[in-house]
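The values are calculated or read from the model by the stated rules, or taken from the named source; none is laboratory data. Just so it is clear, the model here is predicted, and its values are computed rather than measured. Because the Cβ atoms are built from the backbone with ideal geometry, glycine has one as well, and the counts that use them run over all protein chains shown. Accessible surface areas use protein heavy atoms only, side chains included; no ligands, DNA or RNA. Shrake-Rupley method; radii C 1.70, N 1.55, O 1.52, S 1.80 Å.
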Amino acid sequence: MLHVAYLMPLLPLAGFVVLVAAGKRIGDPLAGWIATVAVAASFVVACLVLAGTLNLPDAHREFVQNYFTWFHVGGLTVPIGILVDPLSVTMCMFITGVSALIHLYSIGYMNGDPDYPKFFIYLNLFVFSMLVLVLSNNLLLTFVGWEGVGVCSYWLVSFWFHRDSAASAGKKAFIYNRIGDTGFLLAIFLIFEKTGTVAYTGGPGGGIFGQLHHLGGGTATAAVLLLFLAATGKSAQIPLFNWLPDAMEGPTPVSALIHAATMVTAGVYLLCRMNHLLALSHAGTEVIAIIGGVTAFVAATIACAQQDIKKVLAFSTVSQIGYMVLAVGSGAYVAAIFLMVAHAFFKGLLFLSAGSAIHGLDGEQDLKRMGALRKVMKWTTVTFTVGWLAIAGIPPLAGFWSKGDVLDNVFARYKPLWFLGLLTAILTAYYMTRLQVLAFGGDPRWDKVGPNGEPALHTPHESPWVMRLPLVVLAVAAFFGGLLDLPWIHHDSFEGWLAPVFSGSLFNDHLHSGAEWALALTDVAAAVIGLIVAVVLWRGTQVDKPQLEPQFLQRVWYWDDFYDTVIGRPSQKLATFFAWVIDARIIDGAVNGTANLVRSTGSVTRKLQSGYVRNYALGIAIGLAALIVFLISRTWWS
């Protein structure tokens, strides 16, 4: 069954090719069904590959297959091949599974859009690129998938490009990701220069992981930090996190697929894949842990003051990815992957439920214009409630177990960062409860004139079944997802599955059972505190509370303003100087000056070419006379 793994990326690619060739003729909704079936078939193949991997011996769960050589230059040979192991299989399972549900949801959500086939073309290409990223058996092919999801993200974020805000958001996402990609490329160059290979395993000398002894401490730290720079771009961490909230300008299925469940986890996946390299640099992993913890906290504070329902969830995503990065920096790779999988379930559910509410409100995203949706959108309310309780960390939902696993590991290694993570957990419960109360609780506000004179909205309507079914499936997954790794029921089940990938790199300072229970109770208390505080503060009919939504948080800690002042405006002035002084006066001046000199010289010499033979004869005579005078003068002087 492992030999069919190549079909996982090829099936979405086939859907992409079919839709490119005939998408416009196929139209709505058949184009959506073709794309959905392609990804669902990829999920079926992923299940077969999972079964095949489970049949391998525990210590040797790895299957490498090279299909052909991409190129060979000097000492560098790069094959097109796949690496099937517990990490890549885990990624493929939730990528294909959640993507299939989001494709199904999109059939209803994008109904009637004039570019309906194009949307599914981009979605299928994105899934193909993401699967290439996680299945590649070498860094260079991983980079191809990495760039593929980046360009698909640009197309999908700016899908409604006729909106200036969407076009700007797409460009912002593209530029921020290119900065991170520079780090990835430099890391590849550095690693290849020291190891002589880009293959993870099985290459010359056992691949990168077999040649790590060639990397000294400083070199290893440089490679780790360069890879982390790549991760901060793709996974939206400080200092490159600003693009993700703006990316909410894309259709809601894009937010769920790319910016909640899959693409933003690519950076965490890359760091986990390179865990043996990270283990060589204590300084590098400390930087990763600190940035992850600070990002989680900062994004959580910002989410507390956002009024757009999708932006609350966007900053929540940044915060949750920060938890994963914190776990990676703490050596808790299994905890990071566990939270990644759980996050795909409950954050995908939250985005799709929010999209259902937006769909029912004819595109309205302002929380202050919602309210009482529980009365008219019962399916959406129930499923969103499951996602809310899961991300808030209420047991026994998946978020409680996965987030608790991260905090337990951080407590054992970095107690100050554990405290910061716990404070972030309180804020998470607070801002998600605030969202729940404003959108689904209280009295309806959609039937009233908006604060800026916007007309009242029509009565919200429930979404069609193709949108409700994915919500139900994800709600079940978010509720029971914790069964993947319950440490007190079947100890080390998920850790045992991933152990071959992380052997020798895991932080193994396990807590005793008493401490685990105490930390678990602390996690519950944090969730309950945040929930109660939000209910008390927001359950009334008054929703305009500027004292709880300071401008500092609404403006994202003035982060964009800082970048605009320090980088944007000076760069604009520098570009203007180069355009009007360096380019126009110096470069163009040199070119035009040379042309003018040639023209002037030609104008002068042209007068010598009169066309009269007598003038030419006179010139010859004068030249001959001058020559005779010159020769005679030489004779006199000698």
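I'm trying to understand the selection: among the residues of the stretch 188-225, which are within 23 Å of Val287 (Cα to Cα), of a type in the set (Phe, Trp, Tyr) and either touching a residue at least 12 places away in the same chain (Cβ under 8 Å) or touching a helix residue (DSSP H, G or I) at 6+ places or on another chain (Cβ under 8 Å) (or both)?
Within the stretch 188-225, just Phe209 meets the criteria.
Hey, Ile34 hits all of (1) of a type in the set (Val, Ile, Thr); (2) at pLDDT 90 or above; (3) over 23 Å from Leu469 (Cα atoms); (4) open to solvent by 30 Å² or more (accessible area, probe 1.4 Å) but one; which does it fall short on?
(3)
Within the stretch 357-381, which residues are assigned to a helix (DSSP H, G or I), closer than 27 Å to Ala296 by Cα and out of contact with any Lys or Arg (no Cβ under 6 Å at 6 or more places or on another chain)? Give the steps one after another, and end with the answer.
Let us first name the residues in the stretch 357-381 that are assigned to a helix (DSSP H, G or I), namely 357-360, 367-369, 373-375, 378-381.
Checking the rest, the ones that are also closer than 27 Å to Ala296 by Cα come to 357-358, 367-368, 381.
Correct list: Ala357, Ile358, Leu367, Lys368.
Tell me yes or no: at least one residue of the stretch 67-81 is assigned to a helix (DSSP H, G or I) and either at pLDDT below 95 or surrounded by fewer than 17 Cβ atoms within 10 Å (Cβ to Cβ) (or both). If you could, list the steps in order and put the result at the bottom.
Residues of the stretch 67-81 assigned to a helix (DSSP H, G or I): none.
Within the stretch 67-81, none of the residues are assigned to a helix (DSSP H, G or I) and either at pLDDT below 95 or surrounded by fewer than 17 Cβ atoms within 10 Å (Cβ to Cβ) (or both).
Specify which of the listed residues (Val98, Val84) is buried (at least 22 other Cβ atoms within 10 Å of the Cβ), in contact with a Phe, Trp or Tyr (Cβ under 8 Å, 6 or more places away or on another chain), within 30 Å of His461 (Cβ to Cβ) and of a type in the set (A, V, I, L, M).
Details: Val84 fails: within 30 Å of His461 (Cβ to Cβ).
Selected residue: Val98, the only one of Val98, Val84 that is buried (at least 22 other Cβ atoms within 10 Å of the Cβ), in contact with a Phe, Trp or Tyr (Cβ under 8 Å, 6 or more places away or on another chain), within 30 Å of His461 (Cβ to Cβ) and of a type in the set (A, V, I, L, M).
Given the options Gly623, Gly568, name the one that is over 30 Å from Pro239 (Cα atoms), part of a helix (DSSP H, G or I), open to solvent by less than 60 Å² (accessible area, probe 1.4 Å) and modelled with pLDDT of 85 or more. If you could, list the steps in order and put the result at the bottom.
Details: Gly568 fails: over 30 Å from Pro239 (Cα atoms).
Criteria check complete, one pass: Gly623.
Could you tell me which numbered condition Phe411 fails, if it satisfies all but one of (1) part of a helix (DSSP H, G or I); (2) closer than 24 Å to Ala261 by Cα?
(2)
Out of the stretch 461-474, which residues are open to solvent by less than 10 Å² (accessible area, probe 1.4 Å) and not hydroxyl-bearing (Ser, Thr, Tyr)?
Taking the stretch 461-474 and keeping what is open to solvent by less than 10 Å² (accessible area, probe 1.4 Å), we get 463, 467, 470-471, 474.
Once the filter is applied, which keeps residues that are open to solvent by less than 10 Å² (accessible area, probe 1.4 Å) and not hydroxyl-bearing (Ser, Thr, Tyr), the stretch 461-474 yields Met467, Pro470, Leu471, Leu474.
Restricting attention to the stretch 254-269, which residues are of a type outside the set (A, V, I, L, M, F, W, C) and either at pLDDT 85 or above or part of a helix (DSSP H, G or I) (or both)?
Step one: filter the stretch 254-269 for residues of a type outside the set (A, V, I, L, M, F, W, C), giving 255, 259, 262, 265, 267, 269.
Ser255, His259, Thr265, Gly267, Tyr269 - these are the residues of the stretch 254-269 that are of a type outside the set (A, V, I, L, M, F, W, C) and either at pLDDT 85 or above or part of a helix (DSSP H, G or I) (or both).
Pick from Ala59, Ala22, Ala46: which is open to solvent by 70 Å² or more (accessible area, probe 1.4 Å), among the small types (Gly, Ala, Ser) and in a helix (DSSP H, G or I)?
Numbers: Ala22 fails: open to solvent by 70 Å² or more (accessible area, probe 1.4 Å); Ala46 fails: open to solvent by 70 Å² or more (accessible area, probe 1.4 Å).
So the residue among Ala59, Ala22, Ala46 that is open to solvent by 70 Å² or more (accessible area, probe 1.4 Å), among the small types (Gly, Ala, Ser) and in a helix (DSSP H, G or I) is Ala59.
Please name all residue pairs, on different chains or six or more residues apart, with Cβ atoms under 8 Å, provided the first residue is in the stretch 354-374 and is touching a residue at least 12 places away in the same chain (Cβ under 8 Å) and more than 21 Å from Ser106 (Cβ to Cβ) and the second residue is among the polar types (S, T, N, Q) and open to solvent by 40 Å² or more (accessible area, probe 1.4 Å).
Qualifying pairs under 8 Å: Asp366/Gln307; Leu367/Gln307; Lys368/Gln307.
Which condition from (1) open to solvent by less than 10 Å² (accessible area, probe 1.4 Å); (2) polar (S, T, N, Q); (3) not in a helix (DSSP H, G or I) is the one that Thr201 breaks?
So the condition that Thr201 fails would be (1).
Is it the case that the stretch 25-33 has a residue that's within 22 Å of the chain's Cα centre (by Cα) and either within 20 Å of Met340 (Cβ to Cβ) or not in a strand (DSSP E or B) (or both)? Outline the logic, then answer.
Of all residues in the stretch 25-33, those within 22 Å of the chain's Cα centre (by Cα) come to none.
Scanning the stretch 25-33, I find no residue that is within 22 Å of the chain's Cα centre (by Cα) and either within 20 Å of Met340 (Cβ to Cβ) or not in a strand (DSSP E or B) (or both), so the answer is no.
Can you pull out every residue in the stretch 156-170 that is assigned to a loop (DSSP other than H, G, I, E, B) and not aromatic (Phe, Trp, Tyr)? Can you show your working first?
Just the residues of the stretch 156-170 that are assigned to a loop (DSSP other than H, G, I, E, B), to begin with: 158-163.
Ser158, His162, Arg163, listed by residue number.
Might you let me know whether the stretch 530-543 holds any residue that is part of a helix (DSSP H, G or I), farther than 30 Å from Gly404 by Cβ and not hydroxyl-bearing (Ser, Thr, Tyr)? It would help to see each step written out before you state the result.
Applying the first criterion (part of a helix (DSSP H, G or I)) to the stretch 530-543 yields 530-538.
Right, trim to farther than 30 Å from Gly404 by Cβ and you get none.
Among the residues of the stretch 530-543, not one is part of a helix (DSSP H, G or I), farther than 30 Å from Gly404 by Cβ and not hydroxyl-bearing (Ser, Thr, Tyr), which makes the answer no.
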